[in-house]
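The values are calculated or read from the model by the stated rules, or taken from the named source; none is laboratory data. Since this is a predicted model, take the numbers as computed values, not measurements. Here the Cβ positions follow ideal geometry from the backbone for every residue, glycine too, while neighbour counts run over all protein chains shown. In case anyone asks, the SASA skips ligands and DNA or RNA and just uses the protein heavy atoms, side chains included. Shrake-Rupley method; radii C 1.70, N 1.55, O 1.52, S 1.80 Å.
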Amino acid sequence: MTLFSSAGPEWIAPGACILRDFASPYERLLWQDLQAIVRQAPWRHMQTPGGQAIAVSMSNCGRLGWVSDRGGYRYQMEDPLSGIPWPVMPASFESLAIAAAAQAGFVQFRPDACLLNRYEAGTKLGLHQDKDEQDFSQPIVSVSLGLPATFLFGGLKRSDPVLRTELYHGDVVVWGGPDRLRYHGILPLKPGWHPLTGKLRINLTFRVAG
Ligand SMILES: O=C(O)CCC(=O)C(=O)O
Ligand SMILES: [Fe+2]
């Protein structure tokens with residue numbers, strides 16, 4: 001029996017692929033586990049080091065959580081809102097991320113951090129690199145739930161050409177190896193309605209942080 005099914009990876013670069021619809025079979029369980037996380041560690045708008053509110057609202061689960069504030073970007077074990085550890089990463093999240101990474105060829109991947117991103121209509125995420133982690137030999141696994149969004153996948157330099165591809169509910173993007181430090185982002189979310197998430201797009205980003 002295969003736990004997570006997919007039509008097979010859609011390669012967008014030598015170390016980057018999209019697993020279409022990979023997470024959909026478990027959407028109910030993922031959604032239930034997500035609700036439990038945000039009851040413990042509520043959605044919040046973090047501040048950039050420059051003092052501006054980040055448009056995407058965020059939370060975390062796992063041993064380490066990504067935070068941004070006046071002190072900079074970093075991973076830490078405690079939720080700064082409560083001072084207690086981030087919620088444990090649910091088995092549903094962890095096994096999905098491990099299975100997706102393995103499909104993309106990263107069989108050693110064991111995430112210790114999961115950043116939860118919540119987009120409302122109009123919310124965007126500018127082009128950036130994920131580089132606050134210790135070990136860039138480990139990939140990024142990024143799960144999309146709810147409303148579709150346009151994913152931007154650039155190169156290793158900000159000025160490199162950018163591929164645009166639509167990410168739909170259940171799609172999982174994995175990027176690592178030579179593509180681990182590629183710039184990426186999300187265009188402003190279009191308004192809409194999804195049966196699972198309503199007016200929202202939710203993204204789960206799994207990483208080996210520390
Ligand atoms: O929402 C997404 O699909 C991307 C999220 C992302 O790039 C990040 O959390 O670093
Ligand atoms: Fe990112």
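Brief remarks follow.
Table: residues versus (1) surrounded by 19 or more Cβ atoms within 10 Å (Cβ to Cβ); (2) among the β-branched types (V, I, T); (3) within 15 Å of T205 (Cα to Cα); (4) modelled with pLDDT under 95.
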| residue | (1), (2), (3), (4) |
| --- | --- |
| G83 | no, no, no, no |
| A101 | yes, no, yes, no |
| Y119 | yes, no, yes, no |
| G122 | no, no, no, no |
| V143 | yes, yes, yes, no |
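- Residues within the stretch 87-99 that are in contact with a helix residue (DSSP H, G or I) (Cβ under 8 Å, 6 or more places away or on another chain) and buried (at least 20 other Cβ atoms within 10 Å of the Cβ), tallied: 3
- The requirement of being within 16 Å of ligand 2 (Cβ to nearest atom), without any contact (Cβ under 8 Å) to a residue 40 or more places away in the chain, open to solvent by less than 20 Å² (accessible area, probe 1.4 Å) and within 17 Å of the chain's Cα centre (by Cα) is not satisfied by M58.
- Pick from the stretch 169-210, criterion of a type in the set (F, W, Y) and outside any loop (DSSP other than H, G, I, E, B), ranking: nearest to A99 (Cα to Cα): F206
- Cβ separations smaller than 7 Å between residues 6+ apart or across chains give the following pairs from the stretch 134-148 residues that are within 19 Å of Y119 (Cα to Cα) to residues that are away from ligand 2 (no atom under 16 Å from the Cβ) and of a type in the set (S, T, N, Q): L145/T197; G146/T197; L147/T197.
- Pairing each residue of the stretch 11-38 that is touching a residue at least 60 places away in the same chain (Cβ under 8 Å) with any residue that is among the acidic types (D, E) and open to solvent by 50 Å² or more (accessible area, probe 1.4 Å), provided the two are 6+ apart or on different chains, yields C-beta distances under 7 Å for C17/E10; I18/E10; R20/E10.
- Residues in the stretch 110-133 that are in a loop (DSSP other than H, G, I, E, B), within 16 Å of ligand 2 (Cβ to nearest atom) and under 16 Å from W175 (Cα atoms): P111, Q129, D130, K131, D132, E133.
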